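K.L.:
Okay, here's the structure, questions in a sec.
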């Protein structure tokens, strides 16, 4: 029975729960060590996996599908892309900032954004097709009414009477927040969010959904502690301080993850992550 349940973010469609566990468990164990807390047993951590929901099914060999390009983004995806571009330009001098002309809602402006982000440190090495695929995963979870229940069901299956801490990375922080808001009866005592897009207005915050008398910004369920970690260069964590939207009880920390600002394992192996998890155990 896992004491810690982890929820991954986008871009995991070719992974799996066991591979994630193999990377996340030692990283969090190192974070606990940095904090001076006892080690975490492998069986104490479970990774919720939902990336397969975004993996296209196999098919009979035929003509290859054309790669996605700027014309394949819908209005939501294009708007999210422009927000990421603006944040990348703020944190990376190699990225030219958008202006009124390049922010116009047209395929050419979307292509400008894709070209700019391809030159950024944050998206270095990520092909345009992969970036578009990631944007489509965010839209699918937040906008497709068939996807969210499937993901939420997997989280609900993972939480047990022994679970005290839920960790959400990237889009997984949105999934985790909504799950806790929907289940105040769960025994979870602490939420740890890493590289979270929860604070992005209009595109994420206003689209949050949960059961019951829920409204975006509500405290997530019956937890006692919420810690949010963000790297200054993490473009996905566009809003670093969640307190204006979710209240003063959110404990926020800026950490330094080096060149891989959004990497989940680099968040997990920090003393701040170890402190948050250990504090969740102490609330038992």
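Quick grid of which residues meet (1) surrounded by fewer than 21 Cβ atoms within 10 Å (Cβ to Cβ); (2) modelled with pLDDT under 95; (3) touching a strand residue (DSSP E or B) at 6+ places or on another chain (Cβ under 7 Å); (4) not assigned by TED's automatic domain parsing to the domain that holds residue 195:
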| residue | (1), (2), (3), (4) |
| --- | --- |
| 9 | no, no, yes, no |
| 13 | yes, yes, no, no |
| 17 | yes, no, yes, no |
| 21 | yes, no, yes, no |
| 25 | no, no, yes, no |
| 33 | yes, no, no, no |
| 39 | yes, yes, no, no |
| 43 | yes, no, no, no |
| 48 | no, no, yes, no |
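K.L.:
When you look at residue 278, is it part of a helix (DSSP H, G or I), surrounded by fewer than 22 Cβ atoms within 10 Å (Cβ to Cβ) and out of contact with any strand residue (DSSP E or B) (no Cβ under 6 Å at 6 or more places or on another chain), yes or no?
P.N.:
Values: part of a helix (DSSP H, G or I): yes; surrounded by fewer than 22 Cβ atoms within 10 Å (Cβ to Cβ): yes; out of contact with any strand residue (DSSP E or B) (no Cβ under 6 Å at 6 or more places or on another chain): yes.
So residue 278 passes the test.
K.L.:
Another question, if that's okay. Restricting the search to the stretch 204-247, which residues are loosely packed, with under 13 Cβ neighbours inside 10 Å and over 19 Å from residue 189 (Cβ atoms)?
P.N.:
206, 211, 212, 213, 215, 244 - these are the residues of the stretch 204-247 that are loosely packed, with under 13 Cβ neighbours inside 10 Å and over 19 Å from residue 189 (Cβ atoms).
K.L.:
While we're here: Any residue at all in the stretch 179-201 that's modelled with pLDDT under 95 and in contact with a helix residue (DSSP H, G or I) (Cβ under 9 Å, 6 or more places away or on another chain)? Before you say what the answer is, go through the steps one by one.
P.N.:
Going through the stretch 179-201, the residues modelled with pLDDT under 95 turn out to be 201.
Still in the running and in contact with a helix residue (DSSP H, G or I) (Cβ under 9 Å, 6 or more places away or on another chain): 201.
Yes: the stretch 179-201 contains one or more residues that are modelled with pLDDT under 95 and in contact with a helix residue (DSSP H, G or I) (Cβ under 9 Å, 6 or more places away or on another chain).
K.L.:
Scan the stretch 50-77 for residues that are modelled with pLDDT under 90 and under 14 Å from residue 114 (Cβ atoms) and report the count.
P.N.:
7
K.L.:
How about the stretch 229-266: which of its residues are out of contact with any helix residue (DSSP H, G or I) (no Cβ under 8 Å at 6 or more places or on another chain) and within 15 Å of residue 176 (Cβ to Cβ)?
P.N.:
237, 242, 246
K.L.:
Can you report the number of residues in the stretch 213-260 which are on the phi > 0 side of the Ramachandran plot and in contact (Cβ under 8 Å) with a residue 24 or more places away in the chain?
P.N.:
Qualifying residue count for the region: 3.
K.L.:
Moving on to the next point. Can you spot a residue in the stretch 142-165 that is surrounded by fewer than 18 Cβ atoms within 10 Å (Cβ to Cβ), farther than 26 Å from residue 4 by Cα and in contact (Cβ under 8 Å) with a residue 40 or more places away in the chain?
P.N.:
yes
K.L.:
Another question about this same structure. Please work out which one of (1) farther than 16 Å from residue 265 by Cα; (2) free of Cβ contacts under 8 Å to residues at least 24 places away in the same chain is the condition residue 42 fails and give its number.
P.N.:
Tallying (1) farther than 16 Å from residue 265 by Cα; (2) free of Cβ contacts under 8 Å to residues at least 24 places away in the same chain, residue 42 fails exactly one: (1).
K.L.:
Just to check your reading of the model, which residue among 115, 134, 99 is at pLDDT 85 or above and either outside the structural domain of residue 180 (by TED's automatic domain parsing) or not in a helix (DSSP H, G or I) (or both)?
P.N.:
Values: 115 fails: at pLDDT 85 or above; 99 fails: at pLDDT 85 or above.
Being at pLDDT 85 or above and either outside the structural domain of residue 180 (by TED's automatic domain parsing) or not in a helix (DSSP H, G or I) (or both) holds for just one of 115, 134, 99, which is 134.
The values are calculated or read from the model by the stated rules, or taken from the named source; none is laboratory data. Keep in mind it's a predicted model, so treat the numbers as computed, not measured. Cβ atoms come from the backbone with ideal geometry, glycine included; neighbour counts cover every protein chain shown.
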